[in-house]
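Trainee: Quick one: this structure, given as C-alpha cells, is what I'll be asking you about.
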Amino acid sequence: KVKAAVFASGTGSNFAAIMESEELDCDIVLLVCDKQEASVLEKAEKYNVPAFVFNPKDFSSKADYENEIIAKLQEAGVTWIFLAGYMRIVGPTLLQTFDRKIVNIHPSLLPAFPGVDAIGQAYKAGAKTTGVTVHFIDAGIDTGPIIAQESLDIHSDDTEETLKQRIQKIEHELYPRVINQLLYR
Ligand code: GAR
C-alpha cells in the first residue's frame with residue numbers, strides 16, 4: 001500500500017474526509033502541521049495518525065524546516081504528499097525531493113482566485129461560477145498542473161457561509177476520489 005502524508009494548517013475537514021474515505025486505498029502515516037493550535041491535530045489523534053508539528057519561527061530558513069520535514073517523511077516511508085489547507089508555500093527543498101508527488105486542493109476554479117480566501121474572493125467578485133481544483137504543486141502559488149476540477153454555480157441567495165459549505169462538500173468527495181485515481185492510474 002502507498003504511504004502518504006497530509007499537510008494541514010487548520011480545521012482539517014479535508015484530512016478527516018481522507019481518513020473517512022472507504023475508496024481511498026492508501027495509508028496516511030503522518031500529519032505535518034505548522035500550527036500548534038490547529039484543530040486538525042485533534043483529528044489526527046482521533047484517527048491515530050502521528051503528527052509532526054513544527055513552528056517555522058524555530059528555524060532560520062524554509063530549507064531548514066523542510067529538511068526536517070523530509071527526514072520525518074522518509075522515516076515514515078512516505079512517497080506522496082497531500083496538502084489539505086496547508087497555508088504555506090512549498091519550497092524547492094521539498095519540491096525537488098517529492099517531484100510530482102505533492103498534490104493540493106484549492107477552493108476555486110484555478111487559475112481564478114489563487115491564494116488565501118479563494119471562496120471570499122469569488123463571492124466578493126460576484127462570480128457566477130466557482131469550484132474546486134486538485135492540482136500538482138509547483139514553485140508558484142496555486143499554479144501547478146491541474147488534475148481535476150469541479151464547478152458549482154453561486155446562487156443569488158448564497159452567503160459566503162453557504163457557499164463555503166457547498167464548496168467543502170464537493171472537496172470532501174472530490175479529493176479522496178482524485179487521489180485514488182492518481183495513485184492507481
Ligand atoms: C480548504 O477549503 C482548502 O481547499 C483550502 O483550505 C481549506 C482547508 O479546510 N486550501 C487553500 O485555500 C489552499 N490555497 P480544512 O482545514 O477544513 O480541510
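The values are calculated or read from the model by the stated rules, or taken from the named source; none is laboratory data. In this text, all values refer to a predicted model and were calculated from it rather than measured experimentally. Here Cβ is always computed from backbone atoms with ideal geometry, including for glycine, and neighbour counts include all displayed protein chains.
Trainee: Between a residue in the stretch 96-117 that is without any contact (Cβ under 8 Å) to a residue 60 or more places away in the chain and on the phi > 0 side of the Ramachandran plot and any residue that is among the small types (Gly, Ala, Ser) and part of a loop (DSSP other than H, G, I, E, B), which pairs come within a Cβ distance under 8 Å, given they are 6 or more apart or on different chains?
Mentor: Phe113/Ala127
Trainee: Looking at Asp99 and the list (1) at pLDDT below 95; (2) surrounded by 16 or more Cβ atoms within 10 Å (Cβ to Cβ), which single condition is not satisfied?
Mentor: (2)
Trainee: Could you grab me the full set of residues in the stretch 128-147 that are touching a helix residue (DSSP H, G or I) at 6+ places or on another chain (Cβ under 9 Å), crowded, with 16+ Cβ neighbours inside 10 Å and of a type in the set (Gly, Ala, Ser)?
Mentor: Within the stretch 128-147, Gly131 is the sole residue that qualifies.
Trainee: Of all the residues that make up the stretch 80-89, how many are outside any strand (DSSP E or B), over 18 Å from Gln149 (Cα atoms) and touching a strand residue (DSSP E or B) at 6+ places or on another chain (Cβ under 7 Å)?
Mentor: 1
Trainee: Same structure, new question: Give, as residue ranges, the strands (runs of 3 or more DSSP E) completely inside the stretch 90-185 that count at least 2 residues that are over 30 Å from Lys1 (Cβ atoms).
Mentor: 129-136, 146-153
Trainee: For the stretch 48-66, does any single residue satisfy the condition of being in contact (Cβ under 8 Å) with a residue 24 or more places away in the chain, within 16 Å of the ligand (Cβ to nearest atom) and touching a Gly at 6+ places or on another chain (Cβ under 8 Å)?
Mentor: no
Trainee: Take the residues in the stretch 113-127 that are more than 13 Å from the ligand (Cβ to nearest atom) and surrounded by 13 or more Cβ atoms within 10 Å (Cβ to Cβ), then tell me which one is nearest to Arg166 (Cα to Cα).
Mentor: For the stretch 113-127, the residue satisfying everything is Tyr123.
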